[in-house]
Structures are given as structure tokens and as C-alpha cells.
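Below you'll find the structure I mean.
No lab work stands behind these numbers, since they all come straight from the coordinates. Note that the structure is predicted; figures quoted are calculated from it, not measured. No Cβ is skipped: glycine too gets one built from the backbone with ideal geometry, and neighbour counts run over all protein chains shown.
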Amino acid sequence: MSVKGPKRCAIIPVMLLALIVGYAGSGVAQNVRKPTPHDVVNPPLCSNNSGETVLFLERNEGRSPVAAGMAVRDASGKPVVFRFNYAATPAEFQRFIDRHECAHHQTGDVDRPHPPRNSADHLMNESISDCIAILRLRDEEGFNRDGFNRVTAVMRSEMTKIGFPEISISSRIRNIDTCFSKYGPPQDFVRGILKQRGLPQE
């Protein structure tokens with residue numbers, strides 16, 4: 001899927017959280033080797049389109065071998081990213097998940113109506129957040145093609161592990177590659193999305 005314009009809201013993280021809850025307690029989880037723990041990286045700076053600081057909070061689910069994130073507002077209305085089981089995945093992918101979830105706050109997804117799961121609107125929002133995440137890693141963290149390959153290799157492994165078909169995995173990686181190779185600074189990309197959506201920008 002190519003990122004050409006925004007649609008509506010999505011807060012499902014890295015297209016994995018939809019499966020992680022059921023997966024963690026299922027027979028499938030019992031057949032997956034327990035992952036080698038990785039050090040958990042420090043979260044990036046993140047603020048939403050209204051200028052509010054986004055907090056990153058750890059949520060470890062015990063047995064789950066899958067790392068994921070979720071962008072929401074908490075019970076008090078503060079913008080947060082919940083980080084699930086980050087020690088289950090390498091640092092490069094942790095950084096990608098953080099920036100993907102931050103992007104849902106940056107583009108206003110969290111404060112917009114949630115589209116049906118796996119609808120065109122939902123998938124577009126996920127593609128936009130993927131794009132912002134890889135652009136930030138490229139421009140802010142200095143990720144070159146080797147860094148890109150490390151991120152997408154782990155992404156392929158994680159998505160395969162929980163049952164995504166190859167066509168979905170390849171499509172996602174192609175979209176991220178297009179962003180990484182052809183798009184300008186992430187802040188320009190975010191501004192363009194907010195302008196198309198008619199949302200305020202801080």
C-alpha cells in the first residue's frame with residue numbers, strides 16, 4: 001500500500017496488538033520458544049498535534065513472545081503509548097514501534113473515530129504511521145539501509161510468528177521502503193497529513 005493521503009483513526013500498534021491478547025494465552029503461544037530478553041530502549045521524544053507530551057508506559061504480559069505498542073489516551077485523558085513486552089524484540093524494532101505509536105498521536109489518530117479493523121481507512125492510518133516511524137529513524141537516529149533491513153527483518157519474523165500472510169508482510173515492507181527511499185523529512189510529512197485532515201498543528 002502506498003501512502004498518498006490520510007484516512008481515519010487507528011490506534012492498533014504495528015498491526016500486532018490485534019492478535020497479541022488472544023495469542024498470549026493460546027496453544028499457539030505454547031509452541032513458540034520463549035524469546036531471549038533484550039534491553040529495553042529509552043523512549044523517544046513525542047508530542048501530539050496539540051502540543052501535549054506523550055508518556056510511554058511499560059506493560060509486560062508475562063508469557064507473550066511478541067512486542068507491541070498501543071497509542072491511546074489514558075483514563076485521565078493524557079496521551080500515552082503503552083509498551084508491551086519490549087524485551088521480546090531487538091532494540092531497532094523497539095525504536096520502530098515507539099515511533100509508529102507516537103505517529104498515531106502526531107497525526108491526530110487517537111482523537112478521531114476509530115475505523116473498522118482491517119478496513120481501507122485503518123490500513124491507511126497504519127501505513128502513515130509506519131512511514132513516519134521509518135523517516136524518524138532515518139533522519140533522527142541515522143538509520144541507513146542496514147538499519148532499515150534490520151527493522152524489516154524483525155518485522156517479517158514477528159508478523160510471520162503470529163500468522164500474517166506473506167502478501168501482507170511484503171506489502172507493508174514495500175510501503176516502508178518507499179517512504180525510506182523517497183520521502184523528505186518526517187516533520188514535513190506530518191504537517192502534510194495534518195493539513196489534509198484539517199487538524200491543528202503545534
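What's the whole-number percent of alpha carbon pairs in the stretch 13-196 lying beyond 22 angstrom?
Pairs farther apart than 22 Å: 42 percent.
Now a separate question. Debye sum, Cα scatterers, the stretch 76-120, no solvent: what log₁₀ I/I(0) at q = 0.13, 0.16, 0.17, 0.31 1/Å?
Values, matching the q order: -0.38, -0.56, -0.62, -1.10.
For the stretch 45-52, take each phi angle, set θ = phi - 60°, evaluate the Karplus expression 6.51 cos²θ - 1.76 cosθ + 1.60, and give the result in whole Hz per residue in order, putting x for glycine and proline.
Ordered by residue, 3J(HN,Hα) equals 5, 8, 9, 7, 5, 9, x, 7 Hz.
Here's something else I'd like to know. Short version: ³J(HN,Hα) in whole Hz for each residue of the stretch 70-81, in order, from phi by Karplus 6.51 cos²θ - 1.76 cosθ + 1.60 (θ = phi - 60°), x for Gly and Pro, what are they?
Those phi angles translate into 8, 9, 8, 9, 7, 4, 8, x, 7, x, 9, 10 Hz.
Trypsin sites (Lys or Arg not before Pro), restricted to the stretch 112-179: which are DSSP loop and have at most 16 other Cβ atoms within 10 Å?
R117
Turning to a different aspect of this structure: For the stretch 89-171, what is the convex hull (Cα atoms) projected area averaged across all directions, in square nanometres?
So the Cα hull casts an average projection of 5.7 nm².
Oh, and also: In Å, what Rg and Dmax follow from the Cα atoms of the stretch 123-202?
Rg then Dmax for the stretch 123-202, in Å: 13.6, 39.
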